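These notes are about the structure you will find just below.
The values are calculated or read from the model by the stated rules, or taken from the named source; none is laboratory data. Remember, predicted model here, so these are calculated numbers, not experimental data. Neighbour counts run over all protein chains shown; Cβ positions are idealised from the backbone, glycine included.
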Amino acid sequence: MNKFFFGIAIAILSFTTSHAQNKKEVTITGKVVDKATKQPLEYATVAFFSKIENKIVTGGITDLDGNFSIPVKSGTYDVSVEFISFTKKTFENKELTTDTNLGTIILEESAQALDEVEIIAERTTVEIKLDKKVYNIGKDLTTAGGTVSDALNNVPSVSVDIEGAISLRGNENVRILINGKPSAMAGFGDTNILSQLPAEAIERVEVITSPSARYDAEGTAGILNIILRQKETLGFNGSVNLTLGHPDNAGLSANLNYRKEKYNLFANLGWRYFDAPRTNFSDATYFDVPDENGFLADERIREDQEVERLNRNYNANIGMEYFLTDKSSITGSIFYRYGEDADLSINNTDRFRDNTPTEKTLRREDQNEEDNSYQISLNYQNQFGDDRDHKLTVDFQYENDSEEQFTYLNEDYIFTNNANPEPFQIEQEFTQEDQKEYLIQADYVLPLGENSRFEAGYRGNFENEVTDYRLVQEDTDTGEMIINDQYTNVFDYDENVNAIYSQYGTKFGKFSFLLGLRLEHTQLKGKIDSRLTDQELNDTYGFPIDTDFDNNYLGLFPTVNVIYNLSGEDSDTEESISAGYNRRINRPRGWFINPFPTRSSRTNVFQGNPNLQPAFASAFDLGYLKRWDKLTFTTSVYYQHETDSFDWIEEGIQVNGTNVVRTIPVNLATNQRTGAELGVMYNPKKWLRLNSSFNFFQFKTDGEFNNVDYSTENNSWFARFSSKVTLPWEIDWQTNAHYRGARQDAQSDTDGIFSMDLAFSKEFLNNNATISLNVRDLLNSRKRNSLTTTESFTRYRESQWRQRQINLSFIYRFNQQKQRQRGNRNGGGMNDDMEFQG
């Protein structure tokens with residue numbers, strides 16, 4: 001009996017196999033085009049569904065000309081043809097027994113699909129990953145015609161103060177990356193450059209408060225990674241943006257892209273002219289100042305400064321991605337930026353002694369600057385096998401920045417009660433800054449099964465900065481211009497960092513974690529070439545100065561990031577808890593170390609400190625996210641302990657008989673920071689979107705400098721709110737409000753700052769064009785008011801970095817409907833950002 005059933009089974013198997021083998025293979029061809037434009041659709045998908053097997057048995061995609069040629073076993077199929085944002089076309093019960101040409105298949109754009117795509121593009125969303133929060137920048141109307149700095153100020157956890165300084169959770173020691181790497185586009189660490197790049201260039205911002213070992217350990221607050229838009233649309237496409245504004249603001253930029261089967265060409269071009277007037281008022285009182293007869297009295301100095309800043313900037317980023325094979329590519333790009341700045345500063349100074357006017361002067365400063373910088377980047381990517389996560393990437397980057405600055409300073413008496421006043425000298429400053437930086441980076445990723453991954457890599461960053469400063473002053477007796485040996489100097493500074501890292505990530509059940517370790521060697525090397533001796537330098541600046549230093553630091557930087565998914569597979573909501581730990585370093589930049597002071601004011605100067613040492617910090621973060629259909633809620637608490645932290649100290653000193661407030665950075669022992677933040681995104685209706693965030697933090701500093709105790713403990717907070725409403729006639733109205741709470745440290749009390757932005761926009765020409773009107777700082781209230789109190793002086797300051805700005809912007813987009821369709825072809829595992837997918 002068993003032999004009988006075994007024989008039957010063999011017969012059935014033989015028949016089935018024979019039948020299958022008798023099915024011949026046929027080739028199905030055709031072409032897919034757009035009904036409206038008659039243009040071919042590249043990357044349209046063609047699928048063959050077998051009802052007998054109840055599955056898709058094979059398929060393919062169209063080429064650059066919209067053609068497809070797909071082999072399939074002869075039989076009867078439902079053949080479907082689809083492309084993103086187009087209505088799918090299906091040929092049901094198509095009998096395919098011979099080679100068949102389906103002819104030209106015409107697809108029509110789907111109004112419903114386009115509407116859904118538009119909603120997603122407009123909405124700013126947040127994604128929680130193992131080591132970062134990703135904010136996809138939607139259509140932020142208030143930044144149209146604005147800059148990258150303007151856009152960053154609307155990202156939760158990030159704040160940009162009135163002077164352009166960027167902080168993360170209230171901490172200004174944040175590392176800025178462009179597309180994951182340090183870049184000339186970020187100004188070699190000078191965040192003011194970000195105020196010159198257009199906001200429209202940003203696709204998303206990654207807020208990395210618990211960086212993984214893949215990232216440079218620089219930045220005790222964390223990392224802001226700005227991802228720029230890189231179009232991969234088919235054929236030739238792009239956009240043009242024109243902006244006009246008041247105070248004078250004119251800009252023209254273009255984003256262009258041309259994609260063929262083997263390569264992709266892209267270019268981002270921009271020009272901008274703008275006037276950014278600023279004001280600064282200072283009222284300082286120095287205690288018990290002796291006069292020429294030795295009598296003590298309080299001396300009061302009031303300075304009222306107005307600065308006109310005219311800027312002309314040109315930037316271009318041109319590159320090509322070439323596909324060597326289906327699994328490897330090489331990308332090269334050149335970024336170039338040229339800037340011309342012409343600043344005119346008028347400073348009115350009044351002096352009083354025991355509230356009696358003694359002197360009034362007018363100081364004029366003309367400053368002209370030319371800045372040339374370029375960056376050459378090469379990137380190679382290679383995928384091993386069919387797993388897209390198994391890959392090697394290699395980057396090389398070279399940057400060069402050259403800046404020339406000439407400043408003419410002159411001061412005249414308007415009034416003085418001194419019978420024989422000492423005449424002011426005409427001064428001329430010549431500054432040449434040359435900066436070079438090399439970056440070499442390699443990263444290897446190895447998937448280990450479906451839900452695990454190992455990664456290792458190397459990064460070398462080598463930077464040299466040479467500042468050649470020359471001060472020429474008038475001999476008031478002869479009128480001859482003579483070099484001042486006290487201030488003329490050459491400062492040569494190197495920062496070299498070599499790092500290797502490895503990390504391992506995996507997922508089991510509802511847990512996902514990422515463990516990493518980074519080893520970094522840092523060399524901070526500098527030499528000051530001055531005409532003064534070391535002792536003369538020490539006597540001049542009041543503390544010992546190391547004029548030839550070579551400091552080396554070797555550090556281990558561990559990272560741990562964990563996510564626990566609270567939501568079930570069938571849940572309509574997303575809910576998770578995340579935790580992270582990382583160790584970070586804060587390296588002093590060149591301008592923090594250069595000891596030669598600024599000279600824009602006789603009574604307020606900034607001076608670097610060559611004795612600065614790197615600061616090290618350990619940070620802990622615990623976060624929670626819950627997402628419903630229309631509501632997203634995020635919150636986190638964090639703690640950071642930093643040793644040898646930098647802080648700014650203001651001292652009253654005398655320079656050539658003049659009372660001066662000197663601001664200097666020093667290492668102040670320890671700094672502890674504890675805080676909490678929460679964010680809410682709510683979209684109750686298609687026409688209404690609300691977004692708000694709140695951050696509260698407490699800081700405690702312990703330390704002293706020059707025998708003065710600067711320990712302090714205080715707290716502060718900042719909050720933002722944004723609403724976007726679609727009015728009749730499809731006019732969008734957006735309002736942004738931002739408040740930064742009052743703050744107090746060991747020396748200063750700073751008032752809170754409130755600002756509001758307003759914008760309107762309208763799309764037309766079949767949604768290919770947008771016109772928008774926005775007002776930044778509607779109430780003209782972004783002003784910093786602070787009061788500094790020390791044993792030797794008190795000073796009240798009021799400053800406004802940029803006045804209310806009104807911009808009218810026009811954007812035209814062409815051929816951007818047909819985006820290349822992307823999908824996760826390996827069906828699971830982890831993506832490049834170590835985010836697990838099911």
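Computed quantities for the displayed model
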{"read-out": "Region 454-489, residues that are touching a residue at least 24 places away in the same chain (Cβ under 8 Å), part of a strand (DSSP E or B) and of a type in the set (Val, Ile, Thr)", "value": "Val466, Thr467, Val472"}
{"read-out": "Condition met for Ile426 (more than 26 Å from Val490 (Cα to Cα), in contact (Cβ under 8 Å) with a residue 40 or more places away in the chain and not aromatic (Phe, Trp, Tyr))", "value": "no"}
{"read-out": "Residue that is surrounded by the fewest Cβ atoms within 10 Å (Cβ to Cβ) [pool: residues in region 630-671 that are assigned to a strand (DSSP E or B) and among the acidic types (Asp, Glu)]", "value": "Glu650"}
{"read-out": "Residue in region 692-699 that is buried (at least 18 other Cβ atoms within 10 Å of the Cβ), touching an Asp or Glu at 6+ places or on another chain (Cβ under 6 Å) and at pLDDT 90 or above present", "value": "yes"}
{"read-out": "Whichever residue in region 559-595 is small (Gly, Ala, Ser) and in a loop (DSSP other than H, G, I, E, B) and, among such residues, is nearest to Asp492 (Cα to Cα)", "value": "Ser567"}
{"read-out": "Region 501-541, residues that are small (Gly, Ala, Ser) and surrounded by 14 or more Cβ atoms within 10 Å (Cβ to Cβ)", "value": "Ser502, Gly505, Ser512, Gly516, Gly526, Ser530"}
{"read-out": "Hits in region 678-691 - residues which are over 15 Å from Trp628 (Cα atoms) and at pLDDT below 90", "value": "Lys686, Trp687, Leu688"}
{"read-out": "Tabulated pairs, region 332-343, first more than 16 Å from Ala267 (Cβ to Cβ), second among the aliphatic types (A, V, I, L, M), C-beta under 8 angstrom, 6+ apart or interchain", "value": "Asp341/Leu310; Ala342/Leu310; Asp343/Val307; Asp343/Leu310"}
{"read-out": "Subset of region 387-402 [crowded, with 18+ Cβ neighbours inside 10 Å and closer than 30 Å to Glu465 by Cα]", "value": "Asp395, Gln397, Glu399, Asp401"}
{"read-out": "Within region 262-315, considering residues that are within 38 Å of the chain's Cα centre (by Cα), among the polar types (S, T, N, Q) and within 23 Å of Glu650 (Cα to Cα), the one surrounded by the fewest Cβ atoms within 10 Å (Cβ to Cβ)", "value": "Thr279"}
{"read-out": "Any hit, region 243-263, residues being touching a strand residue (DSSP E or B) at 6+ places or on another chain (Cβ under 8 Å) and under 30 Å from Val637 (Cβ atoms)", "value": "no"}
{"read-out": "Cross-chain or 6+ apart pairs with Cβ under 6 Å, region 603-614 first and in contact (Cβ under 8 Å) with a residue 40 or more places away in the chain and within 22 Å of Arg300 (Cβ to Cβ), then of a type outside the set (Ser, Thr, Tyr) and part of a loop (DSSP other than H, G, I, E, B)", "value": "Val605/Pro597"}
{"read-out": "Verdict on Ser781 being of a type in the set (Ser, Thr, Tyr) and under 26 Å from the mean Cα position of the chain (by Cα)", "value": "yes"}
{"read-out": "Identity of the residue in region 753-781, surrounded by 18 or more Cβ atoms within 10 Å (Cβ to Cβ), among the small types (Gly, Ala, Ser) and in contact (Cβ under 8 Å) with a residue 40 or more places away in the chain, that ends up farthest from Asn237 (Cα to Cα)", "value": "Ala759"}
{"read-out": "Qualifying residues in region 735-752 (those that are part of a loop (DSSP other than H, G, I, E, B) and acidic (Asp, Glu)) - the one surrounded by the fewest Cβ atoms within 10 Å (Cβ to Cβ)", "value": "Asp751"}
{"read-out": "Filtered residues of region 207-227 (kept if assigned to a strand (DSSP E or B) and in contact with a Pro (Cβ under 8 Å, 6 or more places away or on another chain))", "value": "Val207, Gly222, Ile223"}
{"read-out": "Selection from region 73-101 of residues that are surrounded by 15 or more Cβ atoms within 10 Å (Cβ to Cβ), within 16 Å of Lys35 (Cβ to Cβ) and either out of contact with any strand residue (DSSP E or B) (no Cβ under 8 Å at 6 or more places or on another chain) or not polar (S, T, N, Q) (or both)", "value": "Val81, Glu82, Phe83, Ile84, Phe86, Lys89"}
{"read-out": "Subset of region 807-838 that is modelled with pLDDT of 85 or more and surrounded by 17 or more Cβ atoms within 10 Å (Cβ to Cβ) - its residue that is farthest from Asn767 (Cα to Cα)", "value": "Asn807"}
{"read-out": "Evaluation of Asp343 against (1) in contact with a Lys or Arg (Cβ under 6 Å, 6 or more places away or on another chain); (2) at pLDDT below 90 (one fails), failing number", "value": "(2)"}
{"read-out": "Residues located in region 242-261, provided they are crowded, with 21+ Cβ neighbours inside 10 Å and not in a strand (DSSP E or B)", "value": "none"}
{"read-out": "Enumeration of residues in region 514-532 that are touching a residue at least 40 places away in the same chain (Cβ under 8 Å) and within 18 Å of Arg589 (Cβ to Cβ)", "value": "Glu520, Thr522, Leu524, Gly526, Ile528"}
{"read-out": "Qualifying residue in region 753-762 (condition: modelled with pLDDT of 90 or more and outside any strand (DSSP E or B))", "value": "no"}
{"read-out": "Set Thr674, Thr598: member being β-branched (Val, Ile, Thr) and either in contact (Cβ under 8 Å) with a residue 24 or more places away in the chain or part of a strand (DSSP E or B) (or both)", "value": "Thr674"}
{"read-out": "Tally of residues being of a type in the set (D, E, K, R) and in a loop (DSSP other than H, G, I, E, B) across region 519-538", "value": "1"}
{"read-out": "Selection count where residues are surrounded by 21 or more Cβ atoms within 10 Å (Cβ to Cβ) and farther than 30 Å from Asp702 by Cβ, scope region 604-629", "value": "1"}
